[in-house]
Amino acid sequence: MQKTQPLSPAVRTAAISACALLAATVLTACGADGDGAKAAKDGVSTLESGSPSAAGKSGSSEASKTDSRRPQLRMDSSDEERDRLGDAYNACLQAHGVPMNTKRAALAGAKQAAPLYGMEKETKYKSAFDACLVKRPLQPPELDSDVNPHYTDQYRNYVKCLNDKGMRIHMLQDDHGVAIGWTYNDSNGNSLSDAEQTKADDTCTKESFSVKH
């Protein structure tokens, strides 16, 4: 089981419902992205419209314009703000016909459901995800390894913090030594409840990535 990076509360809800524990994400955990698709930095699978060679500068320009309109989260954003923005994004997807996990939302007492696990990978709903991309919150730049030069060191502290709180995990790195996620040390690595994991993830994310260099 692999986790790609710290998640916002809104994304955590969908992740827990998908794999029954916080370590699961809609990105690479549970084999969700076994085909090697590019991982997004905000905990949500990217919706690639084509290869870089096909998209060219025009595609990059359009993506930049879209990103400039997306809501930007900060490390000190409240859970209420994160949930509000996450709900707005999910509501847009629902309005565009994406199947939602209403059962999970009902069990959690949530007003807005998240998409069913794996829906972001369905070509059938690509137009919906494209249309709602402008509403998908951008994670804090501190959580972006392409922007934050201290990302891997801070991620290492994040993993240590989770271990200190009862998780039995270790960090994963790519061929360039950049942190790309974590995995359990063994099958007994998950000793915390969903609520405990959520609290630990929130605490460790803020403690590890809010440090100024």
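Just how large is the dipole of the stretch 162-213 about the Cα centre, in debye to the nearest 20, putting +1 at every Lys and Arg Cβ and -1 at every Asp and Glu Cβ?
Roughly 180 debye for the stretch 162-213.
Within a Cβ distance under 14 Å of Asp153, other residues only, what is the Lys/Arg minus Asp/Glu net charge?
+1
With label points built 7 Å along Cα→Cβ from the Cα atoms of Leu107 and Gln173, find their separation and express it in nm.
Once both label points are built, they end up 3.8 nm from each other.
Which residues in the stretch 131-149 place their backbone N less than 17 Å from a point set 7 Å from the Cα of Asp67 along the Cα-to-Cβ direction?
Residues passing the 17 Å test: 133-149.
Using a 7 Å offset from Cα along Cα-Cβ at Ala91, what residues in the stretch 129-171 end up with backbone N under 17 Å from the label point?
132-137
If I take R0 = 30 Å and measure r between the Cβ atoms of Thr203 and Lys126 in this structure, what FRET efficiency does the formula 1/(1 + (r/R0)^6) give, to the nearest 0.05?
Computed FRET efficiency for Thr203 and Lys126 comes out at 0.25.
We did not get these values from a lab; they are worked out from the coordinates using the rules stated. Computed from a predicted model, the values in this text were never measured in an experiment. Note that we place each Cβ from the backbone using ideal geometry, even for glycine, and neighbour counts take in every protein chain shown.
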